[in-house]
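The values are calculated or read from the model by the stated rules, or taken from the named source; none is laboratory data. These numbers were taken from a predicted model, which means no experiment stands behind them. Quick reminder, even Gly has a Cβ in these numbers, built from the backbone with ideal geometry, and neighbours come from all protein chains shown.
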Amino acid sequence: MKIALFATCIVDAMYPSTGRATVSILERLGHDVVFPAGQACCGQMHLNSGYFPEAVPVVRNHVEAFEAQDYDVAVAPSGSCVASVKHQHAMLARSIGDADLETRATAVGARTYELSALLTDVLGVTDAATQLGSWYPHRITYHPSCHGMRLLRLGDRQADLLRTVEGLELEPLPEADQCCGFGGTFSLKNSDVSSAMLADKNANIAATGAELCTGGDASCLMHIGGGLSRQGSTISTLHFAEILASTRDNPAPAPDALRGPARKTAHTTGKAG
Amino acid sequence: MSPTYLGMPGLPVYGDGNLHASEAFPAAARRELGNAQLRANLGHATHTIRDKRLRVVAELPDWEDLREAGSAIKASVMARLPELLEEFEKNFTARGGIIHWARDADEANGIVRDLIRDAGADEVVKVKSMATQEIGLNEYLEEQGISALETDLAELIVQLDHDKPSHILVPAIHKNRAQIREIFLREMPDVDPDLTDTPARLAEAARLHLRRKFLSAKVAISGANFALADTGTLAVVESEGNGRMCLTLPDTLITVMGVEKLLPSWTDLEVFMQLLPRSSTGERMNPYTSLWTGVTEGDGPQNVHLVLLDNGRSAALADEMGRSALHCIRCSACMNVCPVYERTGGHAYGSTYPGPIGAILSPLLTGITSEENASLPYASSLCGACYDACPVKINIPEILVHLRSEDVESRRGTTKVPGQMDVAMKAASWVMGSGRRMALAEKALPLGKLAAGPDRKIKKLPGMAAGWTQSRDIPAPPAQSFRDWWAKEHHDPGSEEHTELEEKA
Ligand code: SF4
């Protein structure tokens with residue numbers, strides 16, 4: 001299958017190892033990954049902050065970048081970005097009365113998947129250890145991000161995949177379905193409330209006794225990890241794609257290495273071109 | 001009787017009353033966040049109701065169909081509101097009721113005052129009602145020398161404490177038992193000085209206090225949960241029975257109700273009587289449902305009045321995207337699941353309507369240009385819990401985003417100097433509107449390392465980002481973007497062209 005990767009702006013710029021992990025997983029399953037170079041961002045930040053006119057060029061760019069490519073499905077390692085592509089792009093096009101863009105955005109949205117949904121529903125991955133060689137011998141906990149949980153209805157797909165990783169112990173997170181308080185510009189505009197939500201989330205994470213917290217959205221993990229780091233916590237964060245991509249031969253960094261100063265990068269695809 | 005007007009006014013008339021915040025949400029929230037007792041009380045109460053609600057909702061196999069039905073009935077009511085109001089008026093009047101139309105809070109308050117004076121009363125008993133709180137009726141009547149006694153236990157507690165409700169269903173949610181005991185001892189004449197804080201003793205004290213009033217009051221004031229157009233019937237749903245005392249004992253009954261509370265017929269009520277109790281108190285059925293249709297000679301109130309309140313509802317109705325906020329049946333499920341409400345409490349919203357529904361309803365009723373209310377649509381992380389909980393499926397997150405865009409547009413129209421956020425959004429739009437520009441911007445990212453300390457973490461940022469670094473670090477950006485890596489790894493000419501393939505790690 002030919003799969004177009006939407007890396008999302010935050011993965012592209014801040015967490016490239018999550019993008020590399022996604023490529024690695026898909027290639028290991030024998031699929032052909034393409035990266036539509038014109039891609040930039042889903043426009044969620046503009047849309048959710050109410051900057052609709054500013055969102056238009058961003059959404060248009062995404063639609064153009066992805067419809068120009070010949071691929072079977074598109075994938076992104078981010079529930080919120082996929083939710084934006086699936087639920088907000090056509091709505092924005094409709095609001096500016098651009099019927100053509102609406103049709104095209106709907107078509108792109110229809111074949112865009114969040115990573116765990118693609119792996120589970122389309123690619124038939126049921127056991128990460130045997131199908132992907134996933135190995136990550138650590139005690140972790142998992143935060144299901146709001147948009148994946150409520151807009152995409154991902155259910156237990158991410159956690160179910162994590163449970164099949166060899167060596168991994170998954171600790172249940174109390175009040176897992178509570179928002180971490182990120183919310184994009186909410187964390188800037190209502191920083192105090194956001195910090196209070198984060199403090200409760202991180203107290204719940206600490207209560208699990210896990211070494212690391214994983215999830216499906218780089219932005220939520222940046223928020224959670226940023227708070228843990230400020231508190232001087234020993235718990236680190238890592239995207240679930242990087243855990244699935246981790247193998248005995250090419251392991252993802254261990255939790256203690258992740259919070260250290262020099263974060264090592266791992267799991268390249270091994271494909272030289 | 002004030003003149004009847006039907007149909008939508010040409011220009012939307014915005015509402016007034018207790019719908020305006022007096023300070024912006026972030027500032028009010030900061031103050032409330034500092035109140036540890038409030039947070040503990042709220043956290044405990046919302047978690048309890050939340051769990052109860054989930055249990056009883058799970059019992060109904062057709063819950064999702066019920067929500068769908070509730071939403072569809074309300075949407076059809078909004079689509080033909082003028083016609084339904086006429087039908088209701090005809091039937092209500094035919095059965096001896098009298099209708100008054102009020103455009104805003106002032107008109108409604110004036111009508112109620114005149115009716116009380118006509119009845120020769122200077123004291124009234126009240127059934128818990130959001131509409132009368134919205135128009136500030138109690139405060140207004142007090143100024144006019146009429147005392148209005150709240151008979152709902154929680155409302156009574158808040159009233160005795162000279163406080164404001166902080167939740168639409170549990171107005172005293174921010175107070176615990178010990179605090180309530182103190183209020184009773186301080187404010188209730190004739191209270192047993194040995195009163196303890198056990199719930200039964202507190203309820204008994206309130207009962208004795210209220211019973212005297214029920215038996216002497218000549219006028220009662222209520223709200224209404226539903227109005228049935230086909231028979232001209234009003235309905236009040238409650239838990240304690242004090243409402244029924246008010247609705248049956250006094251001679252004059254004045255109901256104040258928002259025009260959106262209408263349902264086409266009795267058969268529609270069935271859907272809402274399943275949705276409302278389960279969503280609000282987590283009960284299968286509420287203890288008291290009172291329905292009344294006009295006047296019955298020799299039984300119950302002989303003067304039955306209804307004040308139909310607009311107060312910004314026409315304006316909300318005119319907003320195609322926001323209209324569905326009027327579907328709200330005031331169950332409070334959205335606030336019980338809202339992480340922002342849970343931590344800041346109802347007072348932070350500055351309006352009779354707090355929580356997620358308040359964050360959209362207050363600006364819809366008053367207009368987004370109302371300055372402090374313009375901060376309300378941002379009081380949400382858009383986590384979506386409210387939409388999931390809402391029994392009539394109001395897509396609150398979508399309306400929040402819609403109102404944010406209205407706010408941005410309205411400021412664009414008025415402010416000359418764009419704010420930091422405006423500038424940042426515009427710049428980001430330019431960068432993120434093209435893969436090539438994004439790639440170029442990413443070249444500058446390693447510069448971010450300059451802002452990072454020796455541990456490769458950014459701990460302090462200026463301007464609007466300062467809020468973030470107040471409690472969170474930001475990792476230093478990586479040496480190489482994903483895009484660059486891909487281009488190098490795959491010798492992808494397409495990406496090469498976009499990233500110019502120069503690595504500056
Ligand atoms: S918006 Fe929905 S959940 Fe919130 S109070 Fe109204 S009906 Fe209940």
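A compact table of results
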| item | result |
| --- | --- |
| Region A:164-184 residues that are facing chain B (nearest Cβ under 9 Å), paired with ones that are charged (D, E, K, R) and in a loop (DSSP other than H, G, I, E, B) (beta carbon under 9 Å, 6 or more apart) | A:Phe182/A:Asp217 |
| Entirely in region A:197-269, the helices (runs of 4 or more DSSP H) that have 2 or more residues that are over 21 Å from A:Pro77 (Cβ atoms), modelled with pLDDT under 95 and polar (S, T, N, Q) | A:218-231 |
| Any hit, region B:291-313, residues being away from every other protein chain (no Cβ under 14 Å), assigned to a helix (DSSP H, G or I) and in contact with a Ser or Thr (Cβ under 9 Å, 6 or more places away or on another chain) | no |
| Enumeration of residues in region B:330-351 that are part of a loop (DSSP other than H, G, I, E, B) and either more than 12 Å from the ligand (Cβ to nearest atom) or surrounded by fewer than 24 Cβ atoms within 10 Å (Cβ to Cβ) (or both) | B:Arg330, B:Gly345, B:Gly350, B:Ser351 |
| Selection within region A:118-153 - hydrophobic (A, V, I, L, M, F, W, C), crowded, with 18+ Cβ neighbours inside 10 Å and under 13 Å from A:Val165 (Cβ atoms) | A:Leu119, A:Val125, A:Ala128, A:Leu132, A:Trp135, A:Ile140 |
| Among the residues listed as B:Leu326, B:Leu361, the single one being more than 13 Å from every other protein chain (Cβ to nearest Cβ) and in contact with a strand residue (DSSP E or B) (Cβ under 9 Å, 6 or more places away or on another chain) | B:Leu326 |
| Within region B:223-237, tally of residues that are among the polar types (S, T, N, Q) and either surrounded by fewer than 19 Cβ atoms within 10 Å (Cβ to Cβ) or in a strand (DSSP E or B) (or both) | 2 |
| Candidate set: region B:365-384, residues that are within 12 Å of chain A (Cβ to nearest Cβ) and part of a loop (DSSP other than H, G, I, E, B); chosen: the one farthest from the ligand (Cβ to nearest atom) | B:Ile368 |
| Residue check for B:Ser362: assigned to a loop (DSSP other than H, G, I, E, B), surrounded by 24 or more Cβ atoms within 10 Å (Cβ to Cβ) and within 14 Å of the ligand (Cβ to nearest atom) | no |
| Count of region B:187-206 residues which are touching an Asp or Glu at 6+ places or on another chain (Cβ under 9 Å), without any contact (Cβ under 8 Å) to a residue 24 or more places away in the chain and not in a loop (DSSP other than H, G, I, E, B) | 3 |
| Single condition B:Tyr387 does not satisfy, out of (1) within 12 Å of chain A (Cβ to nearest Cβ); (2) surrounded by fewer than 24 Cβ atoms within 10 Å (Cβ to Cβ); (3) away from the ligand (no atom under 12 Å from the Cβ) | (3) |
| Qualifying residue in region B:404-426 (condition: out of contact with any His (no Cβ under 8 Å at 6 or more places or on another chain), modelled with pLDDT of 95 or more, within 16 Å of the ligand (Cβ to nearest atom) and under 30 Å from B:Pro339 (Cα atoms)) | no |
| Residue count for region B:210-222, restricted to those that are in contact with a strand residue (DSSP E or B) (Cβ under 9 Å, 6 or more places away or on another chain) and surrounded by fewer than 24 Cβ atoms within 10 Å (Cβ to Cβ) | 6 |
| Test result for B:Met432, more than 16 Å from the ligand (Cβ to nearest atom), crowded, with 24+ Cβ neighbours inside 10 Å and facing another protein chain (nearest Cβ under 8 Å) | yes |
| From B:Glu260, B:Glu240, B:Glu270, residue being in a helix (DSSP H, G or I), away from the ligand (no atom under 16 Å from the Cβ) and either of a type in the set (D, E, K, R) or modelled with pLDDT of 95 or more (or both) | B:Glu270 |
